[in-house]
Amino acid sequence: MKIKHVHINAYKVFRDFDIDFCHDGNTLNLVVIIGTNGTGKTIILRDIIFGNNLANIEGYIVVDDNGESKVITFPISPSDEAYREIFSKIIFYNTKDKNTISNLQKEIIQYVDNSVRVQGKTSFEAYLNIQTFIDNIFSDFDIQIRFKGINEDKQVIFTNLNNEEFGIEGLSSGEQLVLSKFFPFFINSMTGRVLLIDEPEESLHPDWQASYSSVLRRYSQNNNCQFILATHSPQIIFATYKEEIRSFVRDEKGYIQVEKCWESPYGWTVGKVLSEIQRVRYQRLPEIESRLAKLRDMVLQDLEKSDEFKIELAEMEALLGYSDSDLILIRMEAIRRNRIVKKRL
């Protein structure tokens, strides 16, 4: 099952609101919702799509259930058969849940026990499956660990490149976090499910954020499921195609509407995503932006030879470094304009 469309008559920041999860008539496997704080990203995931508050909201959801479109109108009671049928297939992952890491060891042990006792596999086969999962899913994250097994004390054991053994507590916080985020996808069948993830970048290094979209996209294709994310991360956005992005913006009345991207941010720099997709006002401290603007204005006024300009430029070079890209452009423009003046003379 996948979500195709959501309509809300009136709820909190939404009025006559529509969001579509299709492209060229096909339901998307991955949708990334972006927008500033307060634009209702979490509300859409938790209260609407996850169905937390549909008894008090008017609207409808269209789902693609094995090629058949189904419409669920609400308000609807959680006891309703249609509600249970659809929303039992939707999972909401709270990345701020601190218990996910503490549960990781228990989940690994349960997987091995189930493989041996229920499926009739050997412990070695179960261990090999876990390592294959780590290799396949986490190759993009450059996690250089091996899963060795479970010791007599029922502790999960890993090894590093030097073959040194350690438990889960020996993993870095980032490694623990990535494993805890994705291991449930491995031990549970996600086929036909919709997975909602709010701010997946929480506590993830920017390098790992950059790999997140591609991991989910590949997983969804292999397992016929759908991921819907809400994020502020430019690293996640620059690994996303334009048809996968839904931007939440306020209209003139303050209500939220959806905009699609007209240019694909896939492969863009962080700076370009911040300015053109997320429309971030400042990419530096406002004080620094103001001082750089002052230098540019002085160049335009042909004041680059003034003591004031030289002092300000020297202070900024000491603060930002001589090779700062904006300072380089300011110096180049000053040189260019100075040459033009000399030619006129």
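Of all residues in the stretch 82-103 being modelled with pLDDT of 85 or more, assigned to a helix (DSSP H, G or I) and touching a Phe, Trp or Tyr at 6+ places or on another chain (Cβ under 9 Å), which is nearest to residue 155 (Cα to Cα)? Break it down stepwise before answering.
Step one: list which residues in the stretch 82-103 are modelled with pLDDT of 85 or more, which gives 83-92.
So of that shortlist, the ones also assigned to a helix (DSSP H, G or I) come out as 83-87.
Still in the running and touching a Phe, Trp or Tyr at 6+ places or on another chain (Cβ under 9 Å): 83, 87.
Details: 83: 40, 87: 35 Å.
Per the stated criteria, the residue is 87.
In the stretch 320-345, which residue that is within 22 Å of residue 284 (Cβ to Cβ) and free of Cβ contacts under 8 Å to residues at least 12 places away in the same chain is surrounded by the most Cβ atoms within 10 Å (Cβ to Cβ)?
The first filter runs over the stretch 320-345 and keeps only residues within 22 Å of residue 284 (Cβ to Cβ), leaving 320-334.
So of that shortlist, the ones also free of Cβ contacts under 8 Å to residues at least 12 places away in the same chain come out as 321-325, 328-329, 332.
Details: 321: 10, 322: 11, 323: 8, 324: 16, 325: 10, 328: 11, 329: 13, 332: 11.
Filtering first and then ranking leaves 324.
Go through the stretch 177-223 and report how many residues are farther than 19 Å from residue 29 by Cβ and touching a strand residue (DSSP E or B) at 6+ places or on another chain (Cβ under 8 Å).
Result for the stretch 177-223: 1.
So, residue 128, is that one out of contact with any Gly (no Cβ under 9 Å at 6 or more places or on another chain) and over 19 Å from residue 203 (Cα atoms) or not?
On the way: out of contact with any Gly (no Cβ under 9 Å at 6 or more places or on another chain): yes; over 19 Å from residue 203 (Cα atoms): yes.
Against the criterion (out of contact with any Gly (no Cβ under 9 Å at 6 or more places or on another chain) and over 19 Å from residue 203 (Cα atoms)), residue 128 qualifies.
In the stretch 144-186, what residues are among the β-branched types (Val, Ile, Thr) and crowded, with 18+ Cβ neighbours inside 10 Å? If you could, list the steps in order and put the result at the bottom.
Of the stretch 144-186, the ones among the β-branched types (Val, Ile, Thr) are 145, 150, 156-157, 159, 168, 178.
Residues satisfying the conditions are 145, 150, 156, 168, 178.
Does the stretch 218-227 include one or more residues that are closer than 25 Å to residue 18 by Cβ, in a helix (DSSP H, G or I) and assigned by TED's automatic domain parsing to the domain that holds residue 45? Working first, answer last.
First, the residues of the stretch 218-227 that are closer than 25 Å to residue 18 by Cβ: 220, 225-227.
Those left that are additionally in a helix (DSSP H, G or I): 220.
Add one more test, that the residue is assigned by TED's automatic domain parsing to the domain that holds residue 45, and what stays is 220.
Yes, because at least one residue in the stretch 218-227 is closer than 25 Å to residue 18 by Cβ, in a helix (DSSP H, G or I) and assigned by TED's automatic domain parsing to the domain that holds residue 45.
Regarding residue 47, is this residue over 30 Å from residue 275 (Cβ atoms) and assigned to a helix (DSSP H, G or I)?
Numbers: over 30 Å from residue 275 (Cβ atoms): yes; assigned to a helix (DSSP H, G or I): yes.
Considered against the rule, which asks whether it is over 30 Å from residue 275 (Cβ atoms) and assigned to a helix (DSSP H, G or I), residue 47 comes out as yes.
Based on what the data block shows, is residue 253 surrounded by fewer than 16 Cβ atoms within 10 Å (Cβ to Cβ), closer than 30 Å to residue 337 by Cβ and either at pLDDT below 95 or more than 12 Å from the chain's Cα centre (by Cα) (or both)? Quick ask: steps written out before the conclusion?
Numbers: surrounded by fewer than 16 Cβ atoms within 10 Å (Cβ to Cβ): yes; closer than 30 Å to residue 337 by Cβ: no; either at pLDDT below 95 or more than 12 Å from the chain's Cα centre (by Cα) (or both): yes.
Spelling it out, it is not the case that residue 253 is surrounded by fewer than 16 Cβ atoms within 10 Å (Cβ to Cβ), closer than 30 Å to residue 337 by Cβ and either at pLDDT below 95 or more than 12 Å from the chain's Cα centre (by Cα) (or both).
Quick one: in the stretch 167-190, of everything that is outside any helix (DSSP H, G or I) and at pLDDT below 85, which residue is farthest from residue 93 (Cα to Cα)?
Step one: list which residues in the stretch 167-190 are outside any helix (DSSP H, G or I), which gives 167, 171-172, 188-190.
Add one more test, that the residue is at pLDDT below 85, and what stays is 172, 188-189.
Values: 172: 22, 188: 14, 189: 15 Å.
Here the residue is 172.
Inside the stretch 12-44, can you point out the residues that are crowded, with 19+ Cβ neighbours inside 10 Å and part of a strand (DSSP E or B)?
If the condition is that a residue be crowded, with 19+ Cβ neighbours inside 10 Å and part of a strand (DSSP E or B), then 14, 17, 19, 27, 30, 31, 32, 33, 34 are the ones that fit.
Which one of the conditions (1) more than 15 Å from residue 235 (Cβ to Cβ); (2) free of Cβ contacts under 8 Å to residues at least 60 places away in the same chain does residue 265 fail to meet, given that it meets all the rest?
Looking at each condition in turn, residue 265 falls short on (1).
Go over the candidates 312, 304, 263 one by one and state the one that is in contact with a Lys or Arg (Cβ under 8 Å, 6 or more places away or on another chain), part of a loop (DSSP other than H, G, I, E, B), in the same structural domain as residue 338 (by TED's automatic domain parsing) and not hydroxyl-bearing (Ser, Thr, Tyr).
On the way: 312 fails: part of a loop (DSSP other than H, G, I, E, B); 263 fails: in the same structural domain as residue 338 (by TED's automatic domain parsing).
Unique residue meeting the criteria: 304.
The values are calculated or read from the model by the stated rules, or taken from the named source; none is laboratory data. Remember, it's a predicted structure, so these values are computed and weren't measured experimentally. No Cβ is skipped: glycine too gets one built from the backbone with ideal geometry, and neighbour counts run over all protein chains shown.
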